Amino acid sequence: MKHLWQEQMDAAFDRYFAMSELLQSDMEALLVGDPKSQSLRRNFVRAACSLVEGYAHCYRDMCQVGVAAGPGPLNADETKVLTDERAFGSTDRVKLTVRAIFKLFELPNAPDFSQKGWPQAQALFDRRDRLTHPKSVADLVVADEHWDIVYDGAAWIFEQLFSFMRELNRVHGNGEVPAA
C-alpha cells in the first residue's frame, strides 16, 4: 500500500510541476505588457485565477493521497473540499485547500487568511466572475481602483500558494528550493 501511495504522490507532484510551469509562463508574459491596457488587465485577471485554481487543484490531488488514510488534522470542510470540490465556491475552495495542504504536510507558517491580502484575493475572483459572465460593458472594464486591488490580491494569493513548496522543502526536504 505504501508503494501505491508513493506512486500516487509522485504523479500528483509531476502534474503540479507541469501545470505550474505553464501557468507561471502565462503570468510572466502578461507582466511585460502595458498595465493600462484593458485587454491586458482582463487577461491578467483570467490568467491569475487560472493559476490559483490550477495550483489548488494540484494541491487537492496531493492531499487526497493522505486523506485516503483518514482526515487526520483536517476539519469537516477541509476534508469535504478534497472529496467534493464543487460543494464550495472558488474562494472557499482555494482557502480550504491551502489550509488542508499545510495541515496534512505538517507545515508551520500556514497562510493567514485574516490578512488584508485575502479580501483582495477574493476581489480578484469576483472580478474574474464579472469578466466571464458579463451583464454589461462595465463588467468588462477593470478600472484603476479595481486594478490595484486585484493585482495586489493576485500577488498575495500567489505568495500563499508558492509558500507551500518553500515550506515543504524547508521542513521535509534538503533545503534546496525546487523550481516552481
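Looking at segment 52-68 only, could you name the residues that are small (G, A, S) and closer than 15 Å to E7 by Cα? Once the filter is applied, which keeps residues that are small (G, A, S) and closer than 15 Å to E7 by Cα, segment 52-68 yields G66, A68. Taking the conditions (1) crowded, with 18+ Cβ neighbours inside 10 Å; (2) in contact with a Leu (Cβ under 7 Å, 6 or more places away or on another chain); (3) free of Cβ contacts under 8 Å to residues at least 24 places away in the same chain in turn, L168 satisfies each one other than (3). Across segment 104-125, the qualifying residues are those that are over 15 Å from the mean Cα position of the chain (by Cα) and either in a loop (DSSP other than H, G, I, E, B) or at pLDDT 95 or above (or both), and the one among them that is farthest from T79 (Cα to Cα) is K116. The number of residues in segment 66-95 being within 22 Å of T132 (Cβ to Cβ) and assigned to a helix (DSSP H, G or I) comes to 10.
The values are calculated or read from the model by the stated rules, or taken from the named source; none is laboratory data. These numbers come from a predicted model, not from an experiment. FYI the Cβ positions are ideal-geometry reconstructions off the backbone, even for glycines, and counts take in every protein chain you see.
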